[in-house]
1. The conditions are (1) more than 17 Å from L68 (Cα to Cα); (2) in contact (Cβ under 8 Å) with a residue 40 or more places away in the chain; (3) open to solvent by 20 Å² or more (accessible area, probe 1.4 Å), and V124 fails exactly one of them. Which is it?
2. Output the residues belonging to the stretch 57-69 that are open to solvent by 10 Å² or more (accessible area, probe 1.4 Å), out of contact with any Asp or Glu (no Cβ under 8 Å at 6 or more places or on another chain) and not acidic (D, E).
3. Here are the criteria: (1) farther than 24 Å from E207 by Cα; (2) open to solvent by less than 10 Å² (accessible area, probe 1.4 Å); (3) among the charged types (D, E, K, R). Tell me which single one E94 does not satisfy.
4. Failed condition for F104, given (1) in contact with a strand residue (DSSP E or B) (Cβ under 7 Å, 6 or more places away or on another chain); (2) open to solvent by 30 Å² or more (accessible area, probe 1.4 Å); (3) in a loop (DSSP other than H, G, I, E, B); (4) modelled with pLDDT of 95 or more, with all others met?
5. What do you reckon, is Q205 free of Cβ contacts under 8 Å to residues at least 24 places away in the same chain, touching an Asp or Glu at 6+ places or on another chain (Cβ under 9 Å) and of a type in the set (S, T, N, Q)?
6. In the stretch 1-31, what count of residues is obtained for those that are open to solvent by less than 50 Å² (accessible area, probe 1.4 Å) and either free of Cβ contacts under 8 Å to residues at least 60 places away in the same chain or part of a strand (DSSP E or B) (or both)?
7. Mind listing just one residue for me: the one in the stretch 32-56 that is in a strand (DSSP E or B) and open to solvent by 10 Å² or more (accessible area, probe 1.4 Å) and, of those, farthest from G118 (Cα to Cα)?
8. Take G183 and decide whether it is open to solvent by less than 30 Å² (accessible area, probe 1.4 Å) and free of Cβ contacts under 8 Å to residues at least 40 places away in the same chain.
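The values are calculated or read from the model by the stated rules, or taken from the named source; none is laboratory data. All of these numbers come straight from a predicted model, not from anything done at the bench. No Cβ is skipped: glycine too gets one built from the backbone with ideal geometry, and neighbour counts run over all protein chains shown. The area values use the complete protein model at the heavy-atom level, side chains included, leaving out ligands, DNA and RNA. Shrake-Rupley method; radii C 1.70, N 1.55, O 1.52, S 1.80 Å.
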Amino acid sequence: GMYTTALLHPSCALSTSTPPDYENVRLTTSSGITLPGWWRPPANGAVILLLGGHGANRDAMLPVAKILANHGYGVLTLSYRHCAGAAATLGYREVEELQAMAAFAASQPGVNWMGALGYSVGGVTVIRGAAGMPELKAVIAEGNYANLYDEFTAEPAVPLSLQWQVQRLVALFYMLQTGIWPGQVNPLGDLARLSPRPVLLIHGQYEIERTRGLAQATAAGPGGELWIVPDAGHGQYLTTHPQEYERRVIAFFEHSRGKQ
């Protein structure tokens, strides 16, 4: 139980001073949680909503935001609910954050197209959220697990061994603390609901088996693309292949907007 409590209440890193050309915004989710974000308006009419990994604050996705902004895209980042003292749910209720971001971006002048990019838990959130948000026209998900129950139980364990029991206890405590059965946090199923919208899945070579990236790409249907990043583990896509990362991400959004 202590492990799960720690998992659902990660610490929130203090935010840096306002980056140049960004505005400090505060958005409130449908359940009344107010969170800080960074907003930079678009030069090209298109905005990308950016969601970081587990425990991320609004600064986490600024390296990706910078790349997108250099190509004219507007960007919006947001700290997750744990930064306001609410329990993290690893991609389930965080959809409320995504919805608040989309509502804010859509209300800004000169915005006529919206996409989303999420890393890890953020990838789960954008897939899950976009499935029910037709206003999100294209989605990039990086290094996201395929199903939360499977992720909790991913490490091979001898049935009924201590490790096996602990894995299942984590799943149980997650349910007790959130009211959500982890099997319901299911990007694999959500990708099928997103289809045929464009989806780019980015997974590192060293994580693809665990994240079941190939199965996710199949679930994404005809709009799905998969980039398996060579010699990369979880979260090492931009650091190991900066030029290729920029080229692929920008090309995907440009193509999705019909600009190529």
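1. (3)
2. N57, R58, A60, M61, L62, P63, V64, K66
3. (1)
4. In the conditions (1) in contact with a strand residue (DSSP E or B) (Cβ under 7 Å, 6 or more places away or on another chain); (2) open to solvent by 30 Å² or more (accessible area, probe 1.4 Å); (3) in a loop (DSSP other than H, G, I, E, B); (4) modelled with pLDDT of 95 or more, F104 misses (3) alone.
5. no
6. 4
7. The qualifying residue farthest from G118 (Cα to Cα) is T34.
8. yes
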